[in-house]
Amino acid sequence: MNLTIMKSLFVENSIFIIGIFIAILIRGFFILNGTDTADITKLREMGEAILKGDNPYLSIPYNVYPPLALYLEAATKIMSNFFNIPFHILTKIWPNLADIAIAVLIYKFLRKFEVKSTSAHLWSLIFILNPISIIISSVHGQIDSITSLFVLFSIYLLIFYFSKFYLLAAICLGLAIAIKPNPIMLIPLFLFVKTSFLKNFNLNEKFIFSGISLAPVLVLLAFFKEGDNAKILESLVGYSGVYDFGYAAIIRGILYQDNANIWIPTSDYLLNISKIIFLLGSAFVILIFANSKNLIKACLSMYLLFLTVYFGISAQYLSWVLPLAVVAREKMIIIFSATGLFALLGFYMFFGPEILLGKFSNINEYQSKYMSIYFFGNLLFWFSTSWWLVKIIKDCIYFKKKQSINYIKSLLLISFHR
Amino acid sequence: MSTSTIIKIIAFLSFLIFIFQPFSQTLAKTNELIGKEQLQVLGFSQYESVNPNSLLYHLKRLGEEITLFFLFDTDRRKKYNTHLLTIRFKELIYIINFRKTGFLDETISRYNVFVGKVKNYYESKEKINKYIVILEKLRDMYPANSAYWLYIQQAIDSTKNLL
């Protein structure tokens, strides 16, 4: 083999390997210096409830995750006791492993799209070294990247191996939903957006796909069926998020100036309105992307729509966008990441500095100087998310228009020649 | 990113910063404890345009710290710190008078810090007496020995150190 080619191959891969290594160092630093606080405590309590033999949907007063997440945290608790490793360290390993797997999957995805190897590596590194991804997985300790991994793998199978593996794609989506329910909003897109250039779902396949996607969560929930089923359902699906980001945070910042109030009095009303707006908006997104061949951008648009119009946005929801945006090679991810980071820093410093700073925390919460960062960060974040959403939809409409014009032109040419 | 896009972004951010000035002031719709005319009779001039409850307040503080950093002459630094004490006092009066009690603790702490900074060279006893009179008047608008009354009393006690 030519020495130059060998050298360049080594250099290409070494960039990726070095990037992953740096990502592991950064994430490892945050993991090892974290503490058992906030959502980590809740995850531990969910796991402990399972091990005690309780039904967490009935015994825990706050909203609880889908069953697979509970079993994961129960297993983490067992491992924590066995290996004598603190729970708050062990539980963060899963989402970080998922992030590394996503980075590798992104690379494979892009190579399938015939993107050059160096470029594919760099895009993967944009994900694995992304500050939002690092904060959510390593600092906050949320498990959303495990869900994102399954969603991305499902999309990968549908696009490149539709005929062989569409059932496996459904199972992957189902596993994602059994950990965190957010991929449910993507199911209509999976059914109506063309995934493969060769084939798409017929009606039977759509029913089977939908059924299998929802099967894991429903089957696992059956194990928790006892007594008050309404309460179980309410605990699982009643969670509407906390209004920590987006335009809710902007409203919060404005109201804060009145007398340091951090709660919005009309939050329930605004939440309900936002649910209706989101449903209408998602119908619009499905309509726009129906029969297009861009499942990735369609899913990305759905998540961006959610971040833009929904009232109850929590910190971890920001991470949903990242893998899809990187696979779509959207440059807006840079602005999204910068503004998202600004918003996240303001959020943690104001509401929970111990989450961000871990063992090094010696800052009191609710200091007004951090409210300014929180406010302006979310203002910029919300505007960048809205702008991005509008841009993608505009491009899709323009592309569809162009396609229709070309189609009409070709019809006219054919009829002219006849 | 083109130059025109960068210019648009900067113009937009500047617009945001300027619209929040009147916005934060209009939020102070709660009744004043003492009317502005009555305060002026006691010697108070006018409120600051950006006060501790404003989201822009810490930008203002950052500007002050940067200005102070670049003052190398000792006399000019002393003069500037004295001027900042006046600003802190006006901010404190705004917070107390408009009952922004959520910001009272940090505003008084900040005021006390500046009193401490100028303690060794502050000369205008007449001004300090006016400050004490105004603070005592506002203090008495709160229930005696309540937490807010005690906070304002702290500010009065530290102001008396300047006499």
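Once label points are set 7 Å from the Cα along Cα→Cβ at both B:His83 and B:Ile66, what is their separation, rounded to one decimal in nm?
1.6 nm
What do you get for Rg/Rh of region A:46-174 when both radii come from the Cα atoms and Rh is the Kirkwood radius? Walk me through the numbers on the way to the answer.
Details: Rg = 17.3 Å, Rh = 16.4 Å.
We get a ratio of 1.05 for region A:46-174.
If you take the alpha carbon radius of gyration of region A:235-323 and divide it by 2.2 N^0.38 Å, what ratio comes out, to two decimals? It would help to have the intermediate numbers written out before the result.
Working: Rg = 14.9 Å, N = 89, 2.2 N^0.38 = 12.1 Å.
Rounded to two decimals, the normalised Rg is 1.23.
In square angstrom, rounded to the nearest 10, how much accessible surface does A:Phe306 have for a 1.4 Å probe?
Probe radius 1.4 Å; accessible area of A:Phe306 about 20 Å².
Cβ under 14 Å from A:Ala74's Cβ, A:Ala74 left aside: what net charge do those residues give with Lys, Arg +1 and Asp, Glu -1?
Values: positive: A:Lys42, A:Arg44, A:Lys52, A:Lys77; negative: A:Glu45, A:Glu48, A:Asp54, A:Glu73.
So the environment of A:Ala74 carries a net charge of 0.
In whole Hz, with x marking every Gly and Pro, tabulate ³J(HN,Hα) for region A:290-296 from phi via Karplus 6.51 cos²θ - 1.76 cosθ + 1.60, θ = phi - 60°.
Using θ = phi - 60°, the values come out as 4, 6, 7, 10, 10, 4, 5 Hz.
Measure nothing but the geometry: give the 0 to 90° angle between the long axis through the Cα atoms of A:162-179 and the longest principal axis through the Cα atoms of chain A, rounded to 10°.
Between the helix axis and the principal axis of chain A, the angle is about 20 degrees.
Check A:Phe245: other-chain or 5+ apart residues with amide H under 5 Å from its amide H, H built from backbone geometry?
Result for A:Phe245 returns A:Ile313.
Count charges around B:Gln46 for me, please; just the other residues with Cβ under 10 Å from its Cβ, Lys/Arg as +1, Asp/Glu as -1.
+1
At 1.4 Å probe size, put A:Asp144, A:Asp258 in order of accessible surface, largest to smallest.
Details: A:Asp144 0, A:Asp258 50 Å².
Output order, biggest surface exposure first: A:Asp258, A:Asp144.
Are there any trypsin sites (Lys or Arg not before Pro) in region A:159-251 that are in a DSSP loop and have at most 10 other Cβ atoms within 10 Å? List them by number. Could the numbers behind the result be given before it?
Working: sites: A:Lys164, A:Lys194, A:Lys199, A:Lys206, A:Lys225, A:Lys231; in loops: A:Lys194, A:Lys199, A:Lys225.
Listed in order of number, the matching sites are A:Lys225.
Residue-wise, which Karplus ³J(HN,Hα) couplings in Hz belong to region A:134-139, taking 6.51 cos²θ - 1.76 cosθ + 1.60, θ = phi - 60°, and x for glycine or proline?
So the J values, rounded to whole Hz, are 5, 5, 5, 7, 9, 9.
Would you mind telling me which residue in A:Ala260, A:Ala290, A:Ala298 has the biggest mean-square fluctuation in a Gaussian network model of chain A, where springs connect alpha carbons within a distance under 10 angstrom?
The residue with the greatest mean-square fluctuation here is A:Ala260.
Of B:Lys36/B:Lys127; B:Lys78/B:Lys125; A:Lys194/A:Lys297; B:Lys90/B:Lys160; A:Lys297/A:Lys394; A:Lys331/A:Lys401, which pairs sit farther than 20 Å apart, going by alpha carbon to alpha carbon? Spell out each step's value before the answer.
Details: B:Lys36/B:Lys127 18 Å; B:Lys78/B:Lys125 16 Å; A:Lys194/A:Lys297 12 Å; B:Lys90/B:Lys160 17 Å; A:Lys297/A:Lys394 12 Å; A:Lys331/A:Lys401 24 Å.
Pairs exceeding the cut-off: A:Lys331/A:Lys401.
Would you kindly derive the ³J(HN,Hα) couplings of region A:348-360 from the backbone phi angles with the Karplus curve 6.51 cos²θ - 1.76 cosθ + 1.60 (θ = phi - 60°), listing them in order in whole Hz, with x for Gly and Pro?
Once rounded to whole Hz, the list reads 5, 5, 7, 8, x, x, 5, 5, 6, 8, x, 5, 8.
Would you please name the chymotrypsin sites (Phe, Trp or Tyr not before Pro) within region A:254-283 that are DSSP coil residues with at most 16 other C-beta atoms within 10 Å of their C-beta? Numbers along the way, then the final one.
On the way: sites: A:Tyr256, A:Trp263, A:Tyr269, A:Phe278; in loops: A:Trp263.
Those that pass, being in a loop and sparsely packed, are A:Trp263.
Rounded, prolate or oblate: which one fits region B:28-87, using the alpha carbon gyration tensor with axes a ≥ b ≥ c (rounded when a/c is under 1.5, else prolate when a/b beats b/c, else oblate)?
Working: a/c = 5.36, a/b = 1.66, b/c = 3.23.
Oblate is the answer for region B:28-87, as a/c is 1.5 or above yet b/c matches or exceeds a/b.
Could you state the per residue volume, in Å³, of the convex hull enclosing the Cα atoms of the protein assembly as shown?
Working: hull volume 143.3 nm³, N = 581.
Spelled out: Cα convex hull of the protein assembly as shown, divided by residues, is 247 Å³.
Among the GluC sites (Glu not before Pro) within region A:186-287, which fall in a DSSP loop and have no more than 15 other Cβ atoms within 10 Å of their own Cβ?
Details: sites: A:Glu205, A:Glu226, A:Glu234; in loops: A:Glu226.
Those satisfying the criteria are A:Glu226.
For the pair A:Lys112 and A:Phe207, how long in nm is the line joining their label points, each one 7 Å along Cα→Cβ?
Calculated label separation equals 2.8 nm.
Between the helical axis of A:267-289 and the dominant principal axis of chain A, each derived from Cα atoms, what acute angle in degrees is found, rounded to the nearest 10?
20 degrees
Quick one: in region A:116-269, what % of C-alpha pairs are over 18 Å apart?
Values: 8318 of 11781 pairs.
Value for region A:116-269: 71 percent of Cα pairs lie more than 18 Å apart.
So if the hydrodynamic radius of region A:273-393 is defined as the Kirkwood radius over C-alpha pairs, what does Stokes-Einstein give as its diffusion coefficient at 25 °C and 0.890 mPa s, in µm² per second? Each step should come with its number before you reach the end.
On the way: Rh = 15.4 Å.
Here the translational diffusion coefficient equals 159 µm²/s.
Just how large is the dipole of chain A about the Cα centre, in debye to the nearest 20, putting +1 at every Lys and Arg Cβ and -1 at every Asp and Glu Cβ? Present the calculation step by step, with values, prior to reporting the outcome.
On the way: 33 positive and 21 negative charges, 412 e Å.
For chain A, the charge dipole is close to 1980 debye.
Taking the 0 to 90 degree range and rounding to the nearest ten, how far is the long axis of helix A:117-128 tilted relative to the main principal axis of chain A, both from C-alpha atoms?
Here the helix axis deviates by roughly 30 degrees.
Taking Rh as the Kirkwood radius, which is the inverse of the mean 1/r over Cα pairs, what is the Rg/Rh value for region A:149-209?
Details: Rg = 10.6 Å, Rh = 11.4 Å.
Taking Rh as the inverse mean 1/r over Cα pairs, Rg/Rh reads 0.93.
So what's region B:92-163 giving for Cα Rg divided by 2.2 N^0.38 Å, two decimals? List each step's numbers first, then the result.
Working: Rg = 11.8 Å, N = 72, 2.2 N^0.38 = 11.2 Å.
This ratio for region B:92-163 stands at 1.05.
Using a 1.4 Å probe and ignoring any ligands, DNA or RNA, find the accessible area of A:Cys172 and quote it in Å² to the nearest 10.
About 10 Å², ignoring ligands and nucleic acids.
Report the normalised scattering of region B:20-163 as log10 I(q)/I(0) at q = 0.10 Å⁻¹, calculated by the Debye formula with identical scatterers on the alpha carbons.
Cα-only, vacuum Debye calculation for region B:20-163: -0.33.
Over the alpha carbons of region A:15-104, what is the largest minus smallest coordinate on each principal axis, giving the biggest first in Å?
That gives 49, 25, 23 Å along the principal axes, largest extent first.
If each of A:Leu279 and B:Glu37 carries a label point 7 Å out from its Cα toward its Cβ, how far apart are those two points in nm?
Inter-label distance under the simple model: 5.6 nm.
So what does A:Ile100 come to for accessible area, using a 1.4 Å probe and Å² rounded to 10?
Per-residue accessible area (A:Ile100): approximately 50 Å².
The values are calculated or read from the model by the stated rules, or taken from the named source; none is laboratory data. Treat the numbers as computed from the prediction; the structure is a model and nothing was measured. Please note: Cβ atoms are built from the backbone with ideal geometry, for glycine as well, and neighbour counts cover all protein chains shown. Side chains included, ligands, DNA and RNA excluded: accessible areas come from the protein's heavy atoms. Shrake-Rupley method; radii C 1.70, N 1.55, O 1.52, S 1.80 Å.
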